[in-house]
Protein chains: 2
Amino acid sequence: MPVTIKVNEEVFTPRQQAVLTAALDLLVENGDGLTMTAVARRASCSKETLYKWFGDRDGLLTATVQWQAAKVRMPQVSRTGLTAKTLRLSIEQFARDLLTVITGEVSITLNRTAVTHAAQEKDSLGIIVLENGPLAIRRRLKPILEAGRDARLLRFDSSEDAYRTFFGLVVRDVQIRLLLGDKSLTQSNVTDNIEADVKAATDQFFALYGAKATV
Amino acid sequence: MPVTIKVNEEVFTPRQQAVLTAALDLLVENGDGLTMTAVARRASCSKETLYKWFGDRDGLLTATVQWQAAKVRMPQVSRTGLTAKTLRLSIEQFARDLLTVITGEVSITLNRTAVTHAAQEKDSLGIIVLENGPLAIRRRLKPILEAGRDARLLRFDSSEDAYRTFFGLVVRDVQIRLLLGDKSLTQSNVTDNIEADVKAATDQFFALYGAKATV
DNA sequence: CGGCAGCCGTACCGTACGGTACGGTTCCAA
DNA sequence: TTGGAACCGTACCGTACGGTACGGCTGCCG
């Protein structure tokens with residue numbers, strides 16, 4: 001029996017997933033120049049099938065982004081047995097996940113595609129990327145932060161503000177520079193420093209929101 | 001005598017600037033769909049002239065972005081007579097400038113254009129935008145930060161790290177959400193809160209890097 | 001006044017690509 | 001065995017757009 005993956009009410013057969021994989025590969029390789037003919041050739045299928053399955057080019061693009069974005073599932077962090085140590089480890093893990101994702105080639109490609117799309121009054125891809133990127137992190141981080149506050153380990157009025165500050169401390173200018181193609185941020189150049197950046201961002205976050213914080 | 005503006009060794013006549021203005025307007029209006037025919041019609045010039053002046057479509061795009069990006073000149077902040085009060089006002093001013101710029105429609109358009117361009121293995125536009133956006137801020141902020149350190153008002157090892165943290169505290173997730181077309185961040189929604197965000201970011205920056213900071 | 005340079009407007013060309021049509025093949029089910 | 005559904009490969013169509021060519025207008029300079 002074929003294994004299907006359910007994504008936002010959309011179900012893709014293995015054959016369709018192979019097509020989407022081909023489309024994603026082409027996106028990552030050739031940047032924005034994704035043509036239907038290229039996808040059909042890469043996936044060894046006919047264009048007619050592409051249009052039958054995905055409607056039009058936008059539908060294929062949306063399916064590809066949606067399918068891939070949903071695959072970025074970051075490991076869940078338990079909120080049980082919350083101590084100062086486990087809380088800090090959780091925060092660090094979130095920072096590490098966030099940095100690892102946004103510096104990845106696939107994430108850069110998807111974000112660029114969505115930004116390009118948004119430049120044409122189409123926001124559907126942007127919403128999908130946002131929903132599976134920053135907002136996914138937020139959904140999972142907020143409960144942890146609030147548990148930390150309940151345990152008197154963190155202090156803040158708005159968990160939304162705390163989350164956004166965390167995002168800023170971790171991401172800083174890395175994402176926009178990567179999206180703009182800054183060559184001085186090579187892949188290794190960033191990934192090599194992830195651990196140090198994670199620690200620094202976590203330190204700063206606790207300095208601002210830790211129970212003993214002065215702000 | 002015609003007034004010309006010199007931009008990175010490029011000089012544009014008033015007529016050429018009118019063409020670039022038309023191109024920028026179209027870019028802001030129609031997003032990415034900038035066609036040579038549309039620019040020619042809007043600027044009431046012939047396509048032949050466009051190609052004569054700018055070489056090709058990419059040249060026109062580059063000239064437009066370069067010309068407009070260079071116009072974003074943020075007010076200089078004096079570093080003389082540095083006191084705790086003036087330092088704080090300077091930092092706040094930088095935060096305000098940064099937020100005002102990145103939330104502007106023109107900035108969003110230019111960044112989107114550059115990101116789209118970067119998705120096609122062309123990084124020239126990205127470099128221009130980076131150079132005139134984040135890096136311009138950095139060039140002007142770093143001396144202030146270092147003067148603050150010299151005056152024992154700030155504490156940090158690396159002014160680069162301090163700058164990047166400042167960037168993160170100020171920008172947070174606003175820019176990426178705007179680039180992705182997040183509808184929940186309407187223009188007014190953001191601009192109305194700029195002052196509060198500026199104050200919050202500055203408070204946090206001083207909490208982390210002020211002379212009495214605990215980190 | 002005559003020639004020429006610059007430019008406008010428009011027509012034109014070539015190509016790339018989105019989308020459609022269709023013949024041929026495989027496979028399943030009646 | 002046969003009908004048909006799904007799909008592959010390819011050929012095809014229409015259009016949009018980058019880039020070129022050219023005729024006509026204007027204004028400057030000798």
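The values are calculated or read from the model by the stated rules, or taken from the named source; none is laboratory data. Being a predicted model, the structure only gives us computed values, none of them experimental. Cβ atoms come from the backbone with ideal geometry, glycine included; neighbour counts cover every protein chain shown. The accessibility values were calculated without ligands, DNA or RNA, using every heavy atom of the protein model including side chains. Shrake-Rupley method; radii C 1.70, N 1.55, O 1.52, S 1.80 Å.
Tell me, please, whether a residue that is among the aromatic types (Phe, Trp, Tyr), in a helix (DSSP H, G or I) and at pLDDT 95 or above can be found in segment A:156-166. Yes, the conditions are met somewhere in segment A:156-166. For A:Val72, the conditions (1) open to solvent by 30 Å² or more (accessible area, probe 1.4 Å); (2) among the β-branched types (Val, Ile, Thr); (3) at pLDDT 95 or above; (4) closer than 25 Å to A:Val101 by Cβ all hold with the exception of (3). Taken residue by residue, segment A:168-181 has no member that is more than 14 Å from every other protein chain (Cβ to nearest Cβ), crowded, with 23+ Cβ neighbours inside 10 Å, assigned to a helix (DSSP H, G or I) and touching a residue at least 40 places away in the same chain (Cβ under 8 Å). Of the numbered criteria (1) within 14 Å of chain A (Cβ to nearest Cβ); (2) within 15 Å of DNA strand D (Cβ to nearest atom), the one B:Ala95 fails is (2).
Say whether the condition of being within 25 Å of B:Gln66 (Cβ to Cβ) and either assigned by TED's automatic domain parsing to the domain that holds B:Asp32 or not aliphatic (A, V, I, L, M) (or both) is met by at least one residue in segment B:148-160.
Taking segment B:148-160 first, the residues within 25 Å of B:Gln66 (Cβ to Cβ) are none.
The answer is no, given that none of the residues of segment B:148-160 is within 25 Å of B:Gln66 (Cβ to Cβ) and either assigned by TED's automatic domain parsing to the domain that holds B:Asp32 or not aliphatic (A, V, I, L, M) (or both).
If you check A:Leu135 against the conditions, is it surrounded by fewer than 18 Cβ atoms within 10 Å (Cβ to Cβ), within 15 Å of B:Arg177 (Cβ to Cβ), in the same structural domain as A:Gln187 (by TED's automatic domain parsing) and of a type in the set (A, V, I, L, M)? Here the answer is yes, as A:Leu135 does meet what is asked. The selection criterion, being more than 10 Å from chain B (Cβ to nearest Cβ), within 14 Å of A:Leu98 (Cα to Cα) and part of a helix (DSSP H, G or I), does not hold for A:Leu135. Does B:Asp58 satisfy being closer than 22 Å to B:Ser107 by Cβ and more than 9 Å from DNA strand D (Cβ to nearest atom)? Considered against the rule, which asks whether it is closer than 22 Å to B:Ser107 by Cβ and more than 9 Å from DNA strand D (Cβ to nearest atom), B:Asp58 comes out as no.
From the set of residues in segment A:182-192 that are more than 10 Å from chain B (Cβ to nearest Cβ) and out of contact with any helix residue (DSSP H, G or I) (no Cβ under 6 Å at 6 or more places or on another chain), which is modelled with the lowest pLDDT?
Taking segment A:182-192 first, the residues more than 10 Å from chain B (Cβ to nearest Cβ) are A:185-192.
Checking which are out of contact with any helix residue (DSSP H, G or I) (no Cβ under 6 Å at 6 or more places or on another chain) leaves us with A:186-192.
Numbers: A:Thr186: 79, A:Gln187: 74, A:Ser188: 79, A:Asn189: 81, A:Val190: 84, A:Thr191: 87, A:Asp192: 90.
By that ranking, first place goes to A:Gln187.
Is there a residue in segment A:14-27 that is on the phi < 0 side of the Ramachandran plot, within 14 Å of DNA strand C (Cβ to nearest atom), within 14 Å of chain B (Cβ to nearest Cβ) and under 26 Å from the mean Cα position of the chain (by Cα)? Checked against the condition, which is being on the phi < 0 side of the Ramachandran plot, within 14 Å of DNA strand C (Cβ to nearest atom), within 14 Å of chain B (Cβ to nearest Cβ) and under 26 Å from the mean Cα position of the chain (by Cα), segment A:14-27 yields at least one hit. Of everything in segment B:193-215 that is touching a helix residue (DSSP H, G or I) at 6+ places or on another chain (Cβ under 6 Å) and under 26 Å from A:Leu179 (Cα atoms), the residue that is nearest to the other protein chains (Cβ to nearest Cβ) is B:Ala201. Within segment A:98-121, the residues that satisfy the criterion of being surrounded by fewer than 18 Cβ atoms within 10 Å (Cβ to Cβ) and facing chain B (nearest Cβ under 8 Å) are A:Gln120, A:Glu121. I'd like to check something: does segment A:99-119 contain any residue that is within 16 Å of DNA strand D (Cβ to nearest atom), in contact (Cβ under 8 Å) with a residue 60 or more places away in the chain and of a type outside the set (D, E, K, R)? Yes, segment A:99-119 has at least one match.
In segment A:138-161, the residue that is least open to solvent (accessible area, probe 1.4 Å) out of those that are farther than 15 Å from A:Thr86 by Cα and touching a residue at least 40 places away in the same chain (Cβ under 8 Å) is A:Phe156.
Evaluate the following for A:Leu153: is it within 21 Å of A:Thr165 (Cβ to Cβ) and modelled with pLDDT of 95 or more?
Here the answer is yes, as A:Leu153 does meet what is asked.
For segment A:40-69, a residue qualifies if it is within 20 Å of A:Val129 (Cβ to Cβ), of a type in the set (A, V, I, L, M, F, W, C) and either without any contact (Cβ under 8 Å) to a residue 24 or more places away in the chain or more than 9 Å from DNA strand C (Cβ to nearest atom) (or both), and the qualifying residues are A:Phe54, A:Leu61, A:Ala63, A:Val65, A:Trp67, A:Ala69. For segment A:194-206, the criterion of being closer than 25 Å to B:Asn111 by Cβ, at pLDDT 95 or above, among the aromatic types (Phe, Trp, Tyr) and surrounded by 21 or more Cβ atoms within 10 Å (Cβ to Cβ) is met by none of the residues.
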